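See below for the structure under consideration.
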Amino acid sequence: MSLFKARDWWSTLLGENEEFDQGSLCIGDVDNSSSGQDKIIVGSYMGYLRIFDPHPVKPGDGVQPEDLLLEVQLREPILQVEVGKFVSGTEGLHLAVLHCRKLCVYAVSGTLGKVEHGNQYQIKLMYEHNLQRTACNMTYGPFGGVKGRDFICIQSMDGMLMLFEQESYAFGRFLPGFLLPGPLAYSSRTDSFITVSSCRQVESYKYQVLAFATDADERQEPEQQKLSSGKRLVVDWVLNIGEQALDIRVVSFNQAVSSVFVLGERNFFCLKDNGQIRFMKKLDYSPSCFIPYCSVKEGTINTLLGNHSKMLNVYQDVTLKWATQLPHIPVSVKVAHLQDLKGVIVTLSDNGHLQCSYLGTDPSIFQAPKVDSREINYEEFDAEMKELQKIIKEASKMQDILPKSEKHRDLIVTAEVSPSLDAESKAIDSEVEAEAVPSVTVKITIQSRVTAQQPNLAVCVQAPLAVTCDQFSFDDLEPDSAETVVMSVFLKRNCSPSELEGNCIVSYNTPTEMNLCSFILGIPQVAQCNFRLPLRLICFPAQPSKAANHKLTIDTNKPPISFLTIFPDFVHPSEDDQANALGFQFLTGSKITLLASKTSQRYRIQSDQLEDLWLITRELTLRLEEHFKKQNCKDFACTFSGSIPLQEYFELIDRHFELRLNAEKFQELLSERALQFRAIERRLLTRFKDKTPAPLQHLDTLLEGTFREVSTL
């Protein structure tokens, strides 16, 4: 908590239920006034564009009618606003407005008023560019060292940099290895574009390299890029910062060297032009926005840094010089020159609280009010204490909150999978392109030893599997009662699942001895169980194949087991018990062959597609473990000593993303409505902890991931 609060010079609340983000605020002399004073430009996701010129009579005044120069609705969400020299033939400043699928450049002008209504302001569209891709953000500057003009670079949601030389479209280039868009900035000193990729590293690309690289009208395969004209897009320098970035700023002041500032999730970086770290500051809070500005001390740079605790910190390089309290969480902060007052701090919150403030030294100290003196009534205190102790004693009797062992649970749910497939398939609305789509019956029993209020059953299976009914509701269960339901599981989509396990979850309430509130039913409880589906549900026996593109060898420490023993549902008893080859065919058409070595303790799984190996590999290891467990063998182990097929795995992922990027469905998913939630999405942090599994677990994880990638196509 700061001792000093930011001194309110002027403030207003923009609209109702509007949303704003980092690119919604811009400062500049957009109307090219003779005084050269800044104006405040704000654009919202609801499409409203507003321009302010604050004139408070005294500090702390609210907005006056004449402070709002212009308010217009542009009908499309505004992602970002910038002021620069965007029109050819003039060095005057113009306003660039970025929409999801359009870039518009306006001229802002005012007409001297002759009546009491004051001056009249309007905007005039100079030109616009319709975008073929959904935009994310933009930056501008004198690309290529051009004098007296500013060009614009737009980053799309699928990783393409689209460059516009004012009224003309110049070219577009895809960033290599792109996954998700990050912040984008331009450095005029090095003529480079700087961004932070999904690999959590700062990357710099020269403008000249972008200009002469291969054209990016559409994504190309690596082999096609080698044959096409132009040079390959190569990064100038890379710096791994180990976290995602919120914003990038490039500054160059007279008394300080040119620097690149990067605001991360937990750290604040200052880099040289070549990517080397000048300094970094570890933050003990979650930042929301920042802006570097000129320092009075030679060789240093000041930075305003806002956080989610409604604080605004002032740093001189890495030294904290001041901390002040704001009335809101800022998503964007600027420094402006307003009404002959230099250094006004302009902040904007995500719900439209716009404030101009300055750093004052008047402490806001809380003074405790005087306490009314009255005599203490000890009898009332004793009566209240006894009542509270009675409530605590009754509440302590409720001991049913902690989990119990399976043997003593109040409610038990069990699932029984039929040993054979349904004689008549229960599959409904299946997309599988097969002659027959089988189904298997699952019987679920709920046994309750106590009163269970409002029990609900949910049955979950891994897509593309589906159940005929996945939700059940029951009346209250009496003690020592049971309920049984039956449903069928089948393959719904024309692809194979990544696992054959299902889950049953029952939620219910148990009554308490004392209900403190009449609307509380009791203590919420959950019971669950897992079940395993048969392999015959998604594949059937087929002729083994000798040749295959992908092969995996599993080593064991026990002699090979007959397939008639571990796969009785796929081997007919009349077949040769010594046969060492077994074939499987998925309902989707893929074929897999399983081989057992006659001379060594090995099994081989082979198929033409890498993703088809996973289920049979998993089923083989599970059945072997179950077999030796029945034999009371405790030292059985499966291992994989070969090289993990990472190259094939990465090629599969590349094909997967290329299909997604070229599909029309991907463009529909990037709707303009979704961009209104970018302010929330960039605050969601996902952290993973690495684990070191055994060699076979490495392979299982890889194959299962491959299956999940293909299943989403």
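Residues to consider are Gln73, Gln64, Gln37, Gln22; find the one that is of a type outside the set (A, V, I, L, M) and closer than 18 Å to Ser332 by Cα. Before you say what the answer is, go through the steps one by one.
Numbers: Gln73 fails: closer than 18 Å to Ser332 by Cα; Gln64 fails: closer than 18 Å to Ser332 by Cα; Gln37 fails: closer than 18 Å to Ser332 by Cα.
Selected residue: Gln22, the only one of Gln73, Gln64, Gln37, Gln22 that is of a type outside the set (A, V, I, L, M) and closer than 18 Å to Ser332 by Cα.
So, in segment 631-641, exactly how many residues are open to solvent by 40 Å² or more (accessible area, probe 1.4 Å) and in contact (Cβ under 8 Å) with a residue 24 or more places away in the chain?
The qualifying residues number 4.
Which residues, taken from segment 62-80, are assigned to a strand (DSSP E or B) and over 32 Å from the mean Cα position of the chain (by Cα)?
Across segment 62-80, the qualifying residues are Gly62, Leu68, Leu69, Leu70, Glu71, Val72.
What is the number of the single condition among (1) over 30 Å from Phe178 (Cβ atoms); (2) open to solvent by 20 Å² or more (accessible area, probe 1.4 Å); (3) of a type in the set (Val, Ile, Thr) that Val108 does not meet?
Only one criterion is unmet by Val108, namely (2).
Got a number for residues in segment 593-606 being part of a strand (DSSP E or B) and either charged (D, E, K, R) or over 15 Å from Ile554 (Cα atoms) (or both)?
2
Residues that are in contact with a strand residue (DSSP E or B) (Cβ under 7 Å, 6 or more places away or on another chain) and either open to solvent by 60 Å² or more (accessible area, probe 1.4 Å) or within 30 Å of Glu433 (Cβ to Cβ) (or both): which strands (runs of 3 or more DSSP E) entirely in segment 444-534 hold 3 or more of them?
Filter on segment 444-534 gives 453-461, 465-467, 481-491, 501-510, 523-532.
Within segment 40-61, count every residue that is under 28 Å from Tyr106 (Cα atoms) and assigned to a strand (DSSP E or B).
9
Restricting attention to segment 299-313, which residues are open to solvent by 10 Å² or more (accessible area, probe 1.4 Å), outside any loop (DSSP other than H, G, I, E, B) and more than 14 Å from Tyr285 (Cβ to Cβ)?
Asn302
Looking only at segment 81-97, decide whether some residue is over 21 Å from Pro142 (Cβ atoms), in a loop (DSSP other than H, G, I, E, B) and charged (D, E, K, R).
From segment 81-97, those over 21 Å from Pro142 (Cβ atoms) are none; that's our starting set.
So far as segment 81-97 goes, no, none of its residues is over 21 Å from Pro142 (Cβ atoms), in a loop (DSSP other than H, G, I, E, B) and charged (D, E, K, R).
What's the total number of residues in segment 98-109 that are in a strand (DSSP E or B) and in contact with a helix residue (DSSP H, G or I) (Cβ under 9 Å, 6 or more places away or on another chain)?
Adding up the residues that qualify gives 1.
State whether the residues of segment 36-46 include one that is crowded, with 18+ Cβ neighbours inside 10 Å, of a type outside the set (Val, Ile, Thr) and within 24 Å of Leu359 (Cα to Cα).
Yes, some residue in segment 36-46 is crowded, with 18+ Cβ neighbours inside 10 Å, of a type outside the set (Val, Ile, Thr) and within 24 Å of Leu359 (Cα to Cα).
In segment 73-92, which residues are in contact with a Gly (Cβ under 9 Å, 6 or more places away or on another chain), aliphatic (A, V, I, L, M) and either open to solvent by 40 Å² or more (accessible area, probe 1.4 Å) or in contact (Cβ under 8 Å) with a residue 60 or more places away in the chain (or both)?
Residue satisfying the conditions is Leu79 alone.
Exactly one of these conditions fails for Glu128: (1) touching a Cys at 6+ places or on another chain (Cβ under 9 Å); (2) part of a loop (DSSP other than H, G, I, E, B); (3) open to solvent by 30 Å² or more (accessible area, probe 1.4 Å). Give me its number.
Failing condition for Glu128: (2).
So, Lys39, is that one of a type in the set (Lys, Arg), assigned by the TED database to the domain that holds Leu326, more than 37 Å from the chain's Cα centre (by Cα) and at negative phi or not? Talk me through it step by step, then tell me what you get.
Details: of a type in the set (Lys, Arg): yes; assigned by the TED database to the domain that holds Leu326: yes; more than 37 Å from the chain's Cα centre (by Cα): no; at negative phi: yes.
Spelling it out, it is not the case that Lys39 is of a type in the set (Lys, Arg), assigned by the TED database to the domain that holds Leu326, more than 37 Å from the chain's Cα centre (by Cα) and at negative phi.
Can you tell me which condition Asn32 does not meet? The list is (1) buried (at least 17 other Cβ atoms within 10 Å of the Cβ); (2) at pLDDT 90 or above; (3) farther than 20 Å from Asn351 by Cα, and all the others hold.
(1)
State all residues of segment 168-209 that are more than 24 Å from the chain's Cα centre (by Cα) and over 23 Å from Ser259 (Cβ atoms); if no residue qualifies, say none.
Matches in segment 168-209: Ser168, Tyr169, Ala170, Phe171, Gly172, Arg173.
When the residues of segment 110-125 are filtered to those that are assigned to a strand (DSSP E or B) and more than 19 Å from Gln166 (Cβ to Cβ), which remaining residue is modelled with the lowest pLDDT?
Of all residues in segment 110-125, those assigned to a strand (DSSP E or B) come to 110-111, 120-125.
Keeping just the survivors that are more than 19 Å from Gln166 (Cβ to Cβ) gives 110-111, 120-122.
Values: Gly110: 84, Thr111: 79, Gln120: 83, Tyr121: 88, Gln122: 91.
Filtering first and then ranking leaves Thr111.
The values are calculated or read from the model by the stated rules, or taken from the named source; none is laboratory data. All figures in this text were calculated on a predicted structure; none of them were measured in a lab. No Cβ is skipped: glycine too gets one built from the backbone with ideal geometry, and neighbour counts run over all protein chains shown. In case anyone asks, the SASA skips ligands and DNA or RNA and just uses the protein heavy atoms, side chains included. Shrake-Rupley method; radii C 1.70, N 1.55, O 1.52, S 1.80 Å.
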